[in-house]
Amino acid sequence: MPELPEVETVRRGLDPVMTGQVIVQAQVNRPDLRWPLPLRMAERLTGQRVERLRRRSKYILADLSSGETLLIHLGMSGRMLVSGAPLAQFHHDHPAPQKHDHVVLTMANGARITFNDARRFGAMDLIDTEMADRHPLLAGIGPEPFGNDFDETRLVARLKGRATPIKSALLDQRTVAGLGNIYVCETLFRAGVHPARRAGDLPSSGVAGLVPIIRQVLTEAIAAGGSSLRDYRQSDGELGYFQHRFHVYGREGAPCQTPGCAGTVTRIVQSGRSSFFCPVCQT
Ligand SMILES: [Zn+2]
């Protein structure tokens with residue numbers, strides 16, 4: 001499932017081919033993804049220029065010249081493919097249409113953007129740009145991890161007295177937007193905090209220290225995504241999925257990578273999701 005760095009990588013991949021470009025053709029091949037697609041979607045997209053391509057949490061938002069915003073959520077298995085773009089980093093010919101190509105946008109510059117989603121957990125919607133923040137999918141979301149609203153003072157206040165495990169508190173999208181299972185595991189490893197630790201039991205200094213660590217973990221992952229974008233010449237034009245080395249995530253049974261630590265990466269299940277951690281480094 002794509003997390004914030006993957007979604008940001010997709011956004012950065014789409015930006016040079018979409019921003020400032022008019023959508024000359026919108027092909028909508030079915031009435032719904034996870035939810036019904038907006039009414040007259042193709043008509044409302046056609047002829048509109050993409051003024052800005054931004055990200056909020058794990059959602060990509062394309063602000064259009066019509067005053068509407070196209071909201072895109074990749075869901076579990078949604079994929080964005082770019083083909084035929086005139087820019088140097090994309091040399092792909094338009095591929096033959098594939099099963100599960102649900103929405104295909106052709107831009108004035110010749111780029112074709114295909115949204116393919118076999119499991120259809122993804123979503124798209126068209127909303128008033130001015131009202132976008134109030135969309136049901138966005139309204140309850142907490143501060144962006146790189147935004148000014150996410151800071152040490154507010155995180156300390158939010159976690160104070162909380163009996164919930166720190167892992168769950170950080171996965172809660174009201175705490176910080178876009179942080180998912182992988183990067184919470186990596187954050188807690190780097191912070192030396194056991195994932196089952198009660199959030200309210202952490203010292204304020206420990207909670208405050210999570211802010212720069214979260215930013216660092218996400219920054220490194222976004223950088224890895226950026227490197228993957230530069231390799232598209234050899235790839236199939238799919239955006240967003242890249243190899244990234246994790247310290248604990250998915251490494252159950254492997255030796256801890258902290259120099260001098262003899263611990264073994266361990267997996268436990270919390271709220272139905274796997275937590276990976278080093279029981280020696282993380283207390
Ligand atoms: Zn360790």
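The values are calculated or read from the model by the stated rules, or taken from the named source; none is laboratory data. Quick caveat: nothing in here was measured; it's all calculated off a predicted structure. As a convention, Cβ positions derive from the backbone with ideal geometry for all residues, glycine included, and neighbour counts pool all protein chains shown.
Within region 270-283, how many residues turn out to be at pLDDT 95 or above, touching a Ser or Thr at 6+ places or on another chain (Cβ under 7 Å) and away from the ligand (no atom under 12 Å from the Cβ)?
Result for region 270-283: 1.
Are any residues in region 1-55 modelled with pLDDT of 95 or more, in a strand (DSSP E or B) and acidic (Asp, Glu), and if so, which ones?
The one that is modelled with pLDDT of 95 or more, in a strand (DSSP E or B) and acidic (Asp, Glu): 51.
Can you tell me which of 187, 175 is modelled with pLDDT of 95 or more, at negative phi, within 16 Å of the ligand (Cβ to nearest atom) and not in a strand (DSSP E or B)?
Details: 175 fails: within 16 Å of the ligand (Cβ to nearest atom).
Residue meeting the stated conditions: 187.
Looking at region 249-269, which of its residues are touching a residue at least 24 places away in the same chain (Cβ under 8 Å) and more than 9 Å from the ligand (Cβ to nearest atom)? Step through it out loud before you land on a result.
Restricting attention to region 249-269, the residues satisfying the condition of being touching a residue at least 24 places away in the same chain (Cβ under 8 Å) are 249-252, 256, 268.
Within region 249-269, 249, 250, 251, 252, 268 qualify.
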